[in-house]
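Comments concern the structure below.
None of the figures in this text is laboratory data; all of them are computed from the coordinates on show. Just so it is clear, the structure is predicted and the values come from calculations on it, not from any experiment. In this analysis, Cβ positions are derived from the backbone assuming ideal geometry, glycine residues included, and neighbour counts consider all displayed protein chains.
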Amino acid sequence: MVTRSRLVGPLVVGGRAVITDSVLGPSTSVGPDCVVTGSRVAESVLLAGAHVTGVPDLRESVVGRQAHVTGTGAGPAASVVIGDHARVEVAA
């Protein structure tokens with residue numbers, strides 16, 4: 001489900017993903033059951049069940065299965081590579 005968001009291709013969004021108040025793409029793959037809220041994600045891969053919340057600019061990243069990336073405010077672009085079930089807070 002996509003709500004109040006902008007999708008910029010090329011982009012793939014898996015089944016049961018929930019995208020709210022966000023901008024996705026280009027060159028982004030969002031796996032099934034992912035949740036992206038209040039974030040901008042580009043040139044990245046979010047594996048199944050990943051959550052990205054409040055990250056103003058996430059680029060060139062890989063977020064593992066069931067991993068959580070949380071932002072703390074506006075700031076420069078962030079880039080992360082995290083494994084499955086990890087949690088990280090991006091300070092901006």
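Against the set [x] 2, 10, 11, 11, 11, 14, 14, 10, 9, 6, 2, 0; [y] 4, 16, 30, 31, 15, 4, 0; [z] 2, 13, 23, 21, 15, 11, 6, 3, 3, 2, 1, 0, the structure's computed P(r) over Cα pairs in 5 Å bins from 0, in percent falls on [y].
Toward the positive end of the charge dipole of the chain, with +1 on the Cβ of Lys and Arg and -1 on the Cβ of Asp and Glu, the farthest Cα among Ser79, Ile19, His68 is that of Ile19.
Residues with beta-carbon under 10 Å from that of Val69, excluding Val69: net charge, scoring Lys, Arg +1 and Asp, Glu -1? In short, 0. Rounded to whole numbers, the Karplus 3J(HN,Hα) couplings from phi for the stretch 78-86 are 10, 9, 9, 10, 10, x, 4, 6, 7 Hz, using 6.51 cos²θ - 1.76 cosθ + 1.60 with θ = phi - 60°, and x at Gly and Pro. Would you mind checking the stretch 31-58 for residues with the amide N under 20 Å from a putative spin-label position 7 Å along Cα→C-beta of Ala74? Residues 37-42, 53-58 fall inside that zone. Taking 7 Å steps out from each Cα toward its Cβ at Val2 and Arg87 produces label points 3.0 nm apart.
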